[in-house]
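Shown next, in C-alpha cells, is the structure this report addresses.
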Amino acid sequence: QVQLVESGGGLVQPGGSLRLSCAASGIIFSRYDVGWSRQTPGNEREWVARTTSDGTTTYAHFVKGRFTLSRDNAKNTTSLQMNSLKPEDTAVYYCYAQRYSGVSWGQGIQVTVSS
C-alpha cells in the first residue's frame, strides 16, 4: 500500500522560503515519477513540478526559477525548495507518485504566503 506523507508547510512572508518534503513507503521509489501539485479553494489542482524515474525534472512556468525539486532514492523522499514565495503561491500542496497510469497522492499540506 502506497503512503506519501508531506511535511514542512506553514506560514511565510512574501519573498521568503519554505522546504516541503514527502516521504514515501510501500513502493519501489526509484521506479516512480514523483512530484508536487497544489490547489486553492474553488480551483482545480494544478501541477507544479515533477522528477521522473530517470532524473529528468520539469517545472510549471509560474514556479520556474523559484522552486527546486529534488529526490533521494536511498531515503524514499522528494523535496520541494520554494524560494521568493509570493502570496499567489498560497495553496495546499500535494505530493504524488506515478508509475504508468497509476497515481498516488499524499494528504496535502498548507502553505500560506502572507505578511
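Take the residues in the range 54-98 that are among the hydrophobic types (A, V, I, L, M, F, W, C) and in a loop (DSSP other than H, G, I, E, B); name whichever of them is farthest from residue 114 (Cα to Cα).
74
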Residues of the range 77-101 that turn out to be closer than 22 Å to residue 30 by Cα and either more than 14 Å from the chain's Cα centre (by Cα) or of a type in the set (A, V, I, L, M, F, W, C) (or both), as a count:
6
Residue in the range 32-51 that is more than 17 Å from residue 105 (Cβ to Cβ), out of contact with any Cys (no Cβ under 9 Å at 6 or more places or on another chain), modelled with pLDDT of 95 or more and not in a strand (DSSP E or B) present
no
Could you please let me know if residue 56 is open to solvent by 50 Å² or more (accessible area, probe 1.4 Å) and without any contact (Cβ under 8 Å) to a residue 12 or more places away in the chain?
yes
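Yes or no, residue by residue, for (1) open to solvent by 60 Å² or more (accessible area, probe 1.4 Å); (2) farther than 11 Å from residue 32 by Cα; (3) of a type in the set (Gly, Ala, Ser); (4) at pLDDT 95 or above:
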{"residue": "73", "(1), (2), (3), (4)": "yes, no, no, yes"}
{"residue": "83", "(1), (2), (3), (4)": "no, yes, no, yes"}
{"residue": "91", "(1), (2), (3), (4)": "no, yes, yes, yes"}
{"residue": "96", "(1), (2), (3), (4)": "no, no, no, yes"}
{"residue": "106", "(1), (2), (3), (4)": "no, yes, yes, yes"}
{"residue": "110", "(1), (2), (3), (4)": "yes, yes, no, yes"}
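Can you find a residue in the range 9-17 that is within 22 Å of residue 102 (Cβ to Cβ) and under 16 Å from the mean Cα position of the chain (by Cα)? If you could, list the steps in order and put the result at the bottom.
At the first step, the residues of the range 9-17 found to be within 22 Å of residue 102 (Cβ to Cβ) are none.
No, the range 9-17 contains no residue that is within 22 Å of residue 102 (Cβ to Cβ) and under 16 Å from the mean Cα position of the chain (by Cα).
The values are calculated or read from the model by the stated rules, or taken from the named source; none is laboratory data. The model shown is predicted, which means the values in this text are computed figures rather than measured ones. All Cβ positions, glycine included, derive from the backbone under ideal geometry; neighbour counts span all protein chains shown. The area values use the complete protein model at the heavy-atom level, side chains included, leaving out ligands, DNA and RNA. Shrake-Rupley method; radii C 1.70, N 1.55, O 1.52, S 1.80 Å.
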